[in-house]
Amino acid sequence: MVVFIIRRTLMMIPVLLGATILCFALVDLSNDPVQDRVFEIEQSTGEPVPQSTIDALEASWYYDRSVPERYWIWLTGLGDTNDDIGLLQGKWGPSIEGSAMDIGTEISSRFWITLRLVLFATIASIGIAILAGVVSAVKQYSRTDYTLTFLGFLFLAMPIFWLGSLFKEGAVQLNKILGSTVFQTYGSGTTGFQGNGWAVFVDSLPYLIVPTLVLMLGGYAAISRYQRASMLEVMNSDYVRLARAKGVRNGTVMRRHALRTALIPVATFAPLALSGAMGGAMVTESIFGWRGLGVYSLDAINAGDTFAVMAYVLISGVVVLIGVLISDILYGVLDPRIRYE
Amino acid sequence: MSNTAAPRLDAEAITSKERGQWELVFRRFFRHRAAVVSLVIFVVVVLFAYVGPFLWKWDYKIHSEIPSWAAPSLAHPFGTDKAGRDMLGAMMQATKQSLNVALVVAIGSTVIGALYGAVAGFYRGWVDSVLMRFLDIMFVIPFLVITGALAGAIDTSVRWYHMAIILAVFGWTSIARAVRAEVLSLREKEFIEAARSAGGSDWHIITKHLIPNTMSVIIVSATLQIAFAILSETTLSFLGLGIQSPDTSLGLLIDAAGASAFNEHWYLFYIPGVMIILIALTINFIGDGMRDAMDPRQTMVRR
Amino acid sequence: MANISVSTSDKGRATGTKGDTVLAVKDLAVGFPTDDGLVNAVRGVSYELRRGQSLGIVGESGSGKSVTSMAIMGLLPKTAQITGSAKLEGEELLGLGDAELSRIRGKKISMIFQDPLTSLNPVYTVGYQLAEAIRTHYSDISKSEARARCIDLLDSVGIPNPQQRVDAYPHELSGGMRQRVVIAIAMANNPDVIIADEPTTALDVTVQAQVLEALEKAREEVNAALILITHDLGVIAGHTDEVLVMYAGRPVEHGSVDEIFYQPRMPYTLGLIGSLPRMDESRDQRLTPIHGTPPSMLNLAPGCPFRARCPMHQDICAEVEPDLLPINGSGHVAACHFSDQLEGKAPDDVFAPVATDLSVEAEVEAMDAEGAAAADEEDK
Ligand SMILES: Nc1ncnc2c1ncn2[C@@H]1O[C@H](COP(=O)(O)OP(=O)(O)OP(=O)(O)O)[C@@H](O)[C@H]1O
Ligand code: SF4
Ligand SMILES: [Mg+2]
């Protein structure tokens, strides 16, 4: 098991490297922050920017070298640096927003905010999807099935940003009607991450509910369809029939034999749900004014802040890959036919 | 032998005549009620977007004679926005742009994905391994970030075809996986062997034998890709990373409507939202109906 | 071994019985509503089964053998329309709810399904699945007692090293082993009736024999009545005493093994026998396959369902479906308007080209002409 995890983790490194190389090349080639900044300064001062300033900007952002060199230095920090870059040394590189917006500090404060949202939403959406899928399958072709199936299709078709805006305004209205602030619709909490875990959780709950709900609804629809299909397939299987032929009660058969086996393929969807929620978090965070990673990446994209974008790419990649690893482990736990060699 | 050879079947024993495969597919599709209704609605939406502008007097631009923030009325059935834009005209344009993107993405990503998947499944071995690792890489890259970054890098204002190309280039992975899986199972079939021994080139076999035989998977995926594209495009546009004014898109309209879901300008928010849902929903039902019709094993919904 | 007593009509045979009737099926019919209409999968099956006796059911694929058995077990989908009666020791099974059925299934009546490779749940050990069969009905049995009983059961169906195999997952066992586990599950609670639905078709020939042996042993051990469903007449001959031949959802002939094999009175049975290679026949007998396919069970036309393939058919066959009628006093029954003409006929007299009986030959020729005409039409 340990060997399996280590091996899988090692196998992720080239994937992560490939992803960062590809992203770095695309993001870096597609914008030129130095030129943007120079243009900005010229706009505000009305005077041409001296070459020395340009050189200084280039040097501080490592734009005085080629893209491959910049990637290399971003990754390793080896060579002629200002001692602020080199992922392997724990340095994220300079942000073009200046040292006040240090990438490492920003990310570490925002990471938990986003992770909490994404994890809650993913777990809730998988849970609800399993429930809906199973109910749908057990009551196949009933009104419940049709209703659930239609709802699934509906949420599959609903853009998260629209649902988010709707729920946000809905929550505002609800607050008005109730005359108190039950749901917080702006920001992610009052305390940041100070105090003990429980206090932070209680504090952030009113902030968390609506965005989590939005993300969850966005995620559950796809999985519930697969859960239904997988459950139906298992329900028609010979071993479920044999279990009933043994005299096991219907409910027990469904729980012990059908559901247990039908969960296996759904393990495959966990990483997909996770990566979907990471993307969805960008949208919900920006709607609900969270200072999370998703919004950070949006700002970075708009500013052409390559190193900040890369930081997001890396973190989101690691989260997704950990999701893949967990799903692999889960797969092995659920299915005895899979062995970790 | 000859005496008993001919199996004689009474005419009345034959209850269903041999029918052409496609006729069967159509019949099964038209039995899927939700899919048929969806197809009709989708056609209406397409007509609305592409034919509507010729019939309606206002376009999507701002006109001084249009009052600002007029509620829906006969003169402006979908109302007007703050700047003085007729929302019916704007909706037609926005729907058209979003559909343009969706259709091009559906075709483009399907072509890339189908070829990629067919090549991976056909050659297997190291070619397959390399291609699959690349798919893993694509899976790890955050889709909205990379497409948004590329769209944000376009110097001029972003038009629908920019979005279409970017989304197609990054949106083909699911099709590639589906086609590869299908090709892997097809590869063992005799007719592929026959084509090989007849000396067909690999390219010939892939394009003339493998891809046509995975058509049902491809058609279903391409259909569902329309929904995927429309959701991605509107999301990016909403985030300010997609289509930009002066052009318009359903995502932009919703972004502009902002927080008006529950105030007197509700129509600005709901109409484009419902349009997106309508397109994505009908496409999903149509895709489901097609899957039912072409691949009854995977039936999800009946009737 | 005991004889079986089976009856398809009220005048069941009274001889050769041993024990009381355990299972009495009467006029059992099953229909499945589908998109295209009602599929009449089973159209009136009746038989009686006495304790310790063995009945073989043969028939082509799709003739309704499995559906009949699953209707008795209450394992058909809810949409199935089931009529008739199936009484186990006098208790009506059809229409029972899940609670009552669960009490009976696996305890008084158990079933072995067609495919051993898929009959066991891949995520539980065989021991768990075997113990489940016991503990479902005897919840007071401790885990260790159940385990000991499982090992005994595995041993008795001929699984080597049962102490280890009990903890194996299904995928770690061969197909033959898995089927033995399924047999062990079926005999776990000493049921009165075991229904074995083609227990060997998915297995290779050498394993087939072993599995049948295990089944036979199981039956002896628990003194159960056995229903053995199969395509394989050879298996029937070796392991059952009485045979029910099914065609298009109905029994078409019914009698002791000897009667069915040596005095068949229904052309379809005759054809089945003729398509069986016979080692024991001294004369050089040709195989006489039955051509064509069974009719669709959807909107079945009136008349004898076999007429499209029957060399002996007459006009009446298209109008009236023959009843199961007694051949003699012994309980041998057959459903054919012309069963008396079949007395003493060998399969190749009816199905093969070198027929000696002129009337049969005329039939064959007439049929052939029609067949050729039909073929011509198809060509157009
Ligand atoms: N759930 C169902 N819905 C519709 N038709 C069904 C259903 N189950 C069985 N049938 C039909 O009932 C008929 C009888 O099937 P059955 O399984 O009893 O045949 P069988 O004699 O056991 O054949 P085999 O030898 O292949 O096992 C078939 O035509 C089958 O298509
Ligand atoms: S009733 Fe007629 S068609 Fe049917 S088996 Fe007898 S002879 Fe043949
Ligand atoms: Mg069967």
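The values are calculated or read from the model by the stated rules, or taken from the named source; none is laboratory data. Quick caveat: nothing in here was measured; it's all calculated off a predicted structure. With ideal geometry, Cβ positions are generated from the backbone for all residues, glycine too; neighbour counts draw on all protein chains shown. To get the accessible areas, we keep the full protein, side chains included, count just its heavy atoms, and leave off ligands, DNA and RNA. Shrake-Rupley method; radii C 1.70, N 1.55, O 1.52, S 1.80 Å.
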*Please return the longest stretch of chain B lacking exposed loop sites, where GluC sites (Glu not before Pro) count only if DSSP places them in a loop and at most 15 other Cβ atoms lie within 10 Å.*
B:66-187
_With unit charges on the beta carbons (Lys and Arg positive, Asp and Glu negative) and the dipole taken about the Cα centre of the protein assembly as shown, which residue among C:L212, B:F48, C:T125 sits farthest to the positive side?_
C:T125
_Backbone N under 11 Å from the A:E40 label point (7 Å along Cα→Cβ), restricted to the stretch A:79-97_ = A:96-97
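Hey, any idea what % of the protein assembly as shown's accessible area is carbon plus sulfur with a 1.4 Å probe?
59 percent
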*In the stretch C:44-103, what trypsin sites (Lys or Arg not before Pro) fall in a loop by DSSP, with at most 13 other Cβ atoms inside 10 Å?*
C:K78
_Averaged over B:234-241, number of beta-carbon atoms from partner chains that fall within 10 Å_ = 5
*Between B:Q21 and C:H291, what is the label-to-label distance in nm when each label sits 7 Å out along the Cα-to-Cβ direction?*
2.9 nm
_For Cα pairs less than 8 Å apart in space and 6+ apart in sequence, what is the mean separation divided by the residue count of chain A, i.e. the relative contact order in percent?_
23 percent
*In the stretch A:128-281, what is the volume of the convex hull around the alpha carbon atoms, normalised per residue and reported in Å³?*
154 Å³
*For the pair C and B, total buried accessible area rounded to nearest 100 Å², probe 1.4 Å*: 1700 Å²
_Under the span-like rule (Cα at least 20 Å along the axis, Kyte-Doolittle mean at least -1.0), DSSP H helices of chain A_ = A:2-30, A:103-138, A:143-157, A:160-178, A:197-235, A:269-288, A:306-334
_Inter-site label distance for B:S216 and B:V169 at 7 Å from Cα along Cβ, in nm_ = 3.6 nm
_Please give the charge dipole size of the stretch B:30-91, origin at the Cα centre, charges +1 on K and R Cβ atoms and -1 on D and E Cβ atoms. Round to the nearest 20 debye._
280 debye
*asked:* For the interface of C with A, what's the total buried accessible surface in square angstrom, probe 1.4 angstrom, rounded to the nearest hundred?
replied: 2400 Å²
_Tell me the total accessible area that B and A bury against each other, 1.4 angstrom probe, in square angstrom rounded to 100._
4000 Å²
*Quick one: helix B:173-186 against the long Cα principal axis of chain B, what's the angle to the nearest 10°, folded into 0 to 90?*
10 degrees
*Between the helical axis of B:33-50 and the dominant principal axis of chain B, each derived from Cα atoms, what acute angle in degrees is found, rounded to the nearest 10?*
50 degrees
*Summing +1 for each Lys or Arg and -1 for each Asp or Glu, what net charge is found among the other residues whose Cβ lies under 10 Å from the Cβ of A:W74?*
0
_For B:129-139, mean number of other protein chain Cβ atoms within 10 Å_ = 4
*Can you tell me the dipole magnitude for the stretch A:1-51 around its Cα centre, using point charges on the Cβ only (Lys, Arg +1; Asp, Glu -1), in Debye to the nearest 20?*
680 debye
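For the stretch C:71-163, which chymotrypsin sites (Phe, Trp or Tyr not before Pro) pass both filters: DSSP loop (anything but H, G, I, E, B) and at most 15 other C-beta atoms within 10 Å?
Values: sites: C:F113, C:Y124, C:Y128, C:Y138; in loops: C:F113, C:Y124, C:Y138.
Loop-located and lightly packed - C:Y138.
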*Using heavy-atom solvent-accessible surface (probe 1.4 Å) with all chains present, what is the largest-first order of A:M11, C:M266?*
A:M11, C:M266
*asked:* Can you give me the Kirkwood hydrodynamic radius for the protein assembly as shown, using every pair of distinct Cα atoms, in Å to one decimal?
replied: 33.7 Å
_With +1 assigned to the C-beta of every Lys and Arg and -1 to the C-beta of every Asp and Glu, and no other charges, what is the dipole magnitude of the protein assembly as shown about the Cα centre in debye, to the nearest 20?_
2200 debye
*Cβ-based charge dipole, the protein assembly as shown, positive-most Cα from B:A222, B:A70, C:L272*: B:A70
*Taking amide H positions as placed in the peptide plane 1.01 Å from N, state which residues far from B:H63 in sequence (5 or more) or on other chains have amide H under 5 Å from it.*
B:D86
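For the stretch A:283-341, which trypsin sites (Lys or Arg not before Pro) are both in a DSSP coil and crowded by at most 11 other Cβ atoms within 10 Å? Could you put the intermediate results ahead of the total?
Working: sites: A:R291, A:R337, A:R339; in loops: A:R291, A:R337, A:R339.
Passing sites in the stretch A:283-341 are A:R339.
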*Would you list, by chain and number, the lysines whose Cα falls below 17 Å from the Cα of B:K189, excluding same-chain residues fewer than 8 positions away?*
B:K208
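Among A:K139/C:K107; C:K26/C:K108; A:K168/B:K61; B:K61/B:K96, which pairs are too far apart, with a Cα-Cα distance over 21 Å?
Checking Cα-Cα distances, A:K139/C:K107; A:K168/B:K61 exceed 21 Å.
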_Neighbourhood charge, 15 Å Cβ-Cβ cut-off, centred on B:A280 and excluding it, Lys, Arg +1 and Asp, Glu -1_ = -1
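Per residue of C:135-144, what is the mean number of Cβ atoms on other protein chains within 10 angstrom of that residue's Cβ?
Across the residues of C:135-144, the mean count of other-chain Cβ atoms within 10 Å is 1.
If you build the convex hull over the alpha carbons only and average its shadow over all orientations, what do you get for chain B? Give it in nm² to one decimal. Could the numbers behind the result be given before it?
Working: hull surface 92.6 nm².
With the hull built on Cα positions only, its mean projection is 23.1 nm².
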*To the nearest 10 degrees, how steeply does helix B:215-238 sit against the main Cα axis of chain B, on a 0 to 90 scale?*
20 degrees
